[in-house]
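J.: My questions will all concern the structure given below.
The values are calculated or read from the model by the stated rules, or taken from the named source; none is laboratory data. Remember, it's a predicted structure, so these values are computed and weren't measured experimentally. FYI the Cβ positions are ideal-geometry reconstructions off the backbone, even for glycines, and counts take in every protein chain you see. Accessible surface areas use protein heavy atoms only, side chains included; no ligands, DNA or RNA. Shrake-Rupley method; radii C 1.70, N 1.55, O 1.52, S 1.80 Å.
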Amino acid sequence: MKLKNTIITIALLLLIAVIFSFKDSGKNSYATNYFQSLKSLSNSQSQLLENIKKNDFQTEKDLEKIRKEILNTRLKLKGMDFWFRYFEPNVYKKMNGPLPVEWETEVFEKYEKPYKREGAGLSLAIQYIDEENPDKDTLLRLIQSSIDAEQTYSNDSITVNLQSYHHFYLCNRLYLLNLAAIYTTGFECPDTASVIPELKVMMTEVNKIYKSFNESFPDASLNTDYLILYDKTLDFVAKQSSNYSSFDHFIFIRDYINPLFTINRDLIKKYRVSSKNMLDYSLNKEATSIFKKNLYNGQNSKGVFLRMEDTAALNELERLGKMLFYDPILSGNNMRSCASCHKAGQYFTDTTSKTSLHFNQKDYLSRNTPSLLNAEYNHLLMIDGKHFTLQHQITSVVSNETEMCSSEKQALAKVMSCKDYKKSFNKLLKYTPQESEITFEHIASAISYYYSRFSTSYAPFDEAMNKTISLDPESIRGFNIFMSKAQCATCHFVPQFNGVKPPYVGSEFEVLGVPADTGFKMQSADKGRYEINPASQTLNAFRTGTIRNAAYTMPYMHNGVFSNLMQVINFYNNGGGAGKGLVVNNQTLSSDPLGLSEAEKQLLIKFIMSLTEQVKVEQAPKYLPFSSDKSLNKRISGGIY
């Protein structure tokens with residue numbers, strides 16, 4: 001009997017050991033997948049480095065051999081993209097940076113000086129080896145930088161994330177956003193022939209990540225709906241041409257990536273996923289679609305009234321903002337309002353001239369008036385990124401001697417001389433306990449809140465992506481060209497089609513070689529971003545604006561040099577300023593011609609027209625508040641010039 005009990009006890013202990021061994025194996029499978037993939041990449045990079053050292057670089061055959069090895073190593077890297085881009089994006093630039101140097105001002109750092117990010121790694125290696133007479137030492141440096149950077153991803157500060165499910169859903173959210181915005185465009189894959197093959201490999205590797213994750217975290221697993229749809233996505237991609245110009249980007253995003261994003265969002269909510277990563281700073285967990293306007297937060301349109309939630313108070317703030325937007329009381333001569341240059345019926349820009357009239361009513365401003373629509377989806381404002389907030393931008397315009405030619409003090413005094421304004425602002429003062437009295441910040445906040453509400457409108461393209469309407473075939477074809485052959489999407493990112501790419505924490509600047517006139521005799525003298533952040537890379541660089549509503553916001557470019565969309569498309573098709581023969585040593589746009597046909601150009605325009613938002617135009621106020629200063633009571637709503 002004693003022996004029998006002993007045998008039973010041993011059997012139970014063995015069973016428990018087996019159960020726990022399976023449990024441990026399951027818990028380790030996700031982390032094991034990570035470390036095995038990291039080791040495979042490490043081996044591939046080390047072997048690549050050794051082969052470059054041994055290669056003589058004497059013949060095209062030698063170079064082609066190394067080129068193929070770089071591409072093969074990139075496939076290993078893409079298998080880790082899911083983690084790398086989220087865990088340490090700045091380190092990732094050392095492994096797969098698209099540019100040798102990038103100056104960045106991310107949303108959580110925008111009050112600091114721009115950071116210089118130096119790139120290296122496999123993308124730059126591919127670009128470099130295709131140059132004439134590539135130098136071995138330079139190539140070795142690019143690969144060694146990638147090897148050095150790779151070691152970061154084995155640090156405890158990174159790998160500790162693998163013990164919890166929280167990071168996974170945030171990695172996956174970024175992965176899905178990148179599938180929609182950059183992975184199919186060639187943004188960081190200079191060899192366009194490799195874009196779709198790399199995509200296929202990466203998506204297959206991510207499927208393995210999904211399976212290992214579900215084994216390790218069964219209580220927080222991806223659900224069946226997600227996995228079934230992802231399998232369908234893999235089937236769709238497998239059947240697509242490897243030519244990215246033939247890839248159906250529209251169907252890929254509408255029918256697969258966007259629905260996957262929605263399911264992932266629901267799981268983030270279900271599992272109460274929390275973030276410790278600043279990359280998640282701008283993204284909104286409440287966004288149910290990539291093409292919802294609340295996907296990310298670029299600006300605080302309420303300004304000093306940030307905490308105001310009361311509907312009646314918000315309505316009053318909007319009323320005040322509208323009155324002030326049209327009131328020339330903010331200008332030095334009481335003749336010019338915000339609406340003078342930002343005309344509501346012209347998508348809040350000025351389409352009547354290349355640049356708006358100077359305050360002196362004789363000269364013209366040096367830059368084209370930007371539309372206020374969707375301005376809040378940029379982290380930096382103005383074409384040179386000078387301003388951090390909408391309110392700062394308003395304050396600058398009011399005090400600029402060429403625009404409104406007033407001052408905060410003067411404008412505030414005149415506004416508060418109006419009983420209506422004074423009474424309303426004093427009533428709202430309780431919502432800004434940090435301020436003991438009304439300041440110009442309150443005025444600027446009311447104005448920004450007013451015009452920002454027009455940025456919530458949707459375009460037919462958005463509705464098509466959200467499956468509420470069908471989009472015409474020409475617009476769909478135009479979008480597919482936009483995402484591939486035309487290379488527009490390498491700078492104008494889904495979904496705002498501006499220079500803010502996933503995870504939507506910074507604004508990008510480009511050097512295009514914009515001419516001073518359509519004769520291309522010389523480059524525009526405007527130094528752009530250089531005036532804010534002097535560096536060789538920022539000379540003549542300008543913030544990438546949105547293409548939304550572009551069909552009706554002519555003229556184009558920072559100086560209004562192009563009067564229609566075809567001129568703009570031809571400019572890009574010819575390789576920018578450098579492609580037209582101008583000397584632009586730091587041009588970030590490729591100077592190679594795109595080779596777009598006339599039919600393809602027309603399809604691009606058709607797509608751009610589908611980005612026209614259904615903005616409701618309001619009439620200017622008929623009357624403006626009376627002032628105790630009778631000399632101010634001759635003001636005309638909207639101003640006179």
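J.: So what's the angle, to the nearest 10 degrees on a 0 to 90 scale, between helix 419-428 and the longest Cα principal axis of the chain?
T.: Approximately 30 degrees, to the nearest ten.
J.: Translational diffusion coefficient of the chain at 37 °C, 0.692 mPa s, Stokes-Einstein with Kirkwood Rh over Cα pairs, in µm²/s as a whole number.
T.: Answer, rounded: 121 µm²/s.
J.: Only sites in a loop by DSSP and with at most 10 other Cβ atoms within 10 Å count here; which GluC sites (Glu not before Pro) in the range 22-130 make the cut? Mind showing how you got there, number by number?
T.: Values: sites: 50, 60, 64, 69, 102, 104, 106, 109, 112, 118; in loops: 112.
Of the GluC sites (Glu not before Pro), the ones in loops of the range 22-130 whose Cβ has at most 10 other Cβ atoms within 10 Å are 112.
J.: Given axes a ≥ b ≥ c from the Cα gyration tensor, I'd like to know whether the range 74-137 is rounded (a/c under 1.5), prolate (a/b larger than b/c) or oblate.
T.: Because a/c hits 1.5 or more and a/b fails to exceed b/c, the range 74-137 counts as oblate.
J.: Taking all protein chains as present, what is the carbon and sulfur share of the accessible area of the chain, in % to the nearest whole number, probe 1.4 Å?
T.: Percent of accessible area from carbon and sulfur atoms in the chain: 52.
J.: To continue, here is another question. Place a label point 7 angstrom from the Cα of residue 64 along the Cα-to-Cβ direction, then list the residues of the range 172-192 whose backbone nitrogen is under 18 Å away.
T.: Answer for the range 172-192: 191-192.
J.: Take peptides 534-541, 288-295, 446-453 and line them up by average Cβ neighbours within 10 Å, highest first, as a rough protection proxy.
T.: Top of the packing list down: 446-453, 288-295, 534-541.
J.: Tell me, what HN-Hα J-couplings in whole Hz come from the Karplus equation 6.51 cos²θ - 1.76 cosθ + 1.60 at θ = phi - 60° for each residue of the range 438-445, using x for Gly and Pro?
T.: Working through the residues one at a time gives 5, 10, 5, 4, 5, 5, 4, 5 Hz.
J.: Would the range 41-163 count as rounded, prolate or oblate if I go by the C-alpha gyration tensor, calling it rounded below 1.5 in a/c and otherwise prolate when a/b exceeds b/c, oblate otherwise?
T.: Oblate, since a/c reaches 1.5 and b/c is not below a/b.
J.: In nm, to one decimal, how far is the residue 586 label point from the residue 361 one, both placed 7 Å along Cα→Cβ?
T.: About 4.0 nm separates the two model spin labels.
J.: How would 318, 508, 441 line up by accessible area, probe 1.4 Å, largest first?
T.: Working: 318 50, 508 25, 441 75 Å².
Ranked list, largest accessible area first: 441, 318, 508.
J.: Which chymotrypsin sites (Phe, Trp or Tyr not before Pro) in the range 523-623 sit in a loop by DSSP (not H, G, I, E or B) and have at most 13 other Cβ atoms within 10 Å of their own Cβ?
T.: 623
J.: On the full set of protein chains, 1.4 Å probe, figure out the accessible area of residue 231 and give it in Å² to the nearest 10.
T.: Per-residue accessible area (residue 231): approximately 70 Å².
J.: Further, regarding this structure: What is the Å³ per residue value for the convex hull set by the Cα atoms of the range 168-280?
T.: 101
J.: Please state, rounded to one decimal and in Å, the Kirkwood hydrodynamic radius that the range 311-413 gives when every pair of distinct Cα atoms enters the mean of 1/r.
T.: This gives a value of 14.4 Å.
J.: Give me the 1.4 Å probe accessible area per residue for the chain, excluding ligands and nucleic acids, in Å².
T.: Normalised by residue count, the accessible surface of the chain is 44 Å².
J.: How many angstrom lie between the Cα centre of the range 223-250 and the Cα centre of the range 378-416?
T.: 47
J.: Further question on the same structure: To the nearest 10 degrees, how steeply does helix 224-239 sit against the main Cα axis of the chain, on a 0 to 90 scale?
T.: 90
J.: Here's a follow-up. Tell me, what is the percent relative contact order of the chain, built from C-alpha pairs under 8 Å that lie six or more residues apart?
T.: Normalised by residue count, the contact order of the chain is 15 percent.
J.: Counting helices only, and only those DSSP H runs with n ≥ 4, report the 222 nm mean residue ellipticity of the chain as the sum of -39,500 (n - 2.57) divided by its residues, in deg cm²/dmol to the nearest 500.
T.: -14000 deg cm²/dmol
J.: Calculate, in whole percent, how much of the Cα-Cα pair population of the range 462-609 lies beyond 27 Å. Please list the in-between numbers first.
T.: Working: 2243 of 10878 pairs.
Summing the P(r) of the range 462-609 above 27 Å gives 21 percent of all pairs.
J.: Report the trypsin sites (Lys or Arg not before Pro) located in the range 316-415 that are in a DSSP loop and have at most 13 other Cβ atoms inside 10 Å of their Cβ, or state none.
T.: Hits after loop and neighbour filter: 362.
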